Amino acid sequence: MIRAILHLFTTDQWPTAHLRLFANWLRSHDADRDAYASLKSGLVGSGVWGSEYTVAKRAFVNDVVNRARAARGLGAVAL
């Protein structure tokens with residue numbers, strides 16, 4: 001069983017790392033944070049887990065990351 005996932009970034013990548021942008025966005029945008037929590041709870045409550053859980057969150061995460069990137073003047077990416 002996987003207990004942790006380690007993400008590594010170079011110092012050049014850190015300012016625009018999608019995981020960082022996503023987390024920072026959720027800290028300052030309550031509606032998006034609540035929507036993400038609801039999405040995650042709904043998936044787990046439906047028995048979705050593992051890679052299916054990750055795939056099911058992808059569209060939401062991609063949307064938030066691209067809004068966070070746009071707010072910083074960065075182009076969109078596909079995750």
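Data overview
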{"item": "Which listed residue, of Trp14, Trp25, Trp49, is among the hydrophobic types (A, V, I, L, M, F, W, C) and surrounded by 15 or more Cβ atoms within 10 Å (Cβ to Cβ)", "result": "Trp25"}
{"item": "Hits in segment 58-78 (condition: closer than 22 Å to Ile5 by Cα and surrounded by 15 or more Cβ atoms within 10 Å (Cβ to Cβ))", "result": "Phe60, Val61, Asn62, Val64, Val65"}
{"item": "Conditions (1) of a type outside the set (D, E, K, R); (2) part of a loop (DSSP other than H, G, I, E, B); (3) surrounded by 11 or more Cβ atoms within 10 Å (Cβ to Cβ): number failed by Leu6", "result": "(3)"}
{"item": "Pair list, Cβ under 6 Å, 6 or more apart: segment 60-79 residue closer than 21 Å to Ala31 by Cβ, other residue modelled with pLDDT of 95 or more and of a type in the set (D, E, K, R)", "result": "Val64/Asp32"}
{"item": "Pairs, first at negative phi in segment 5-18, second of a type outside the set (A, V, I, L, M) and not in a loop (DSSP other than H, G, I, E, B), C-beta under 7 Å, six or more apart", "result": "Trp14/Arg20"}
{"item": "Candidates Ala37, Ala31, filtered to the one that is part of a helix (DSSP H, G or I), surrounded by 11 or more Cβ atoms within 10 Å (Cβ to Cβ), at pLDDT 95 or above and of a type in the set (Gly, Ala, Ser)", "result": "Ala37"}
{"item": "Test for Leu21: is it within 22 Å of Ile2 (Cα to Cα) and in a helix (DSSP H, G or I)", "result": "no"}
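The values are calculated or read from the model by the stated rules, or taken from the named source; none is laboratory data. Computed from a predicted model, the values in this text were never measured in an experiment. All Cβ positions, glycine included, derive from the backbone under ideal geometry; neighbour counts span all protein chains shown.
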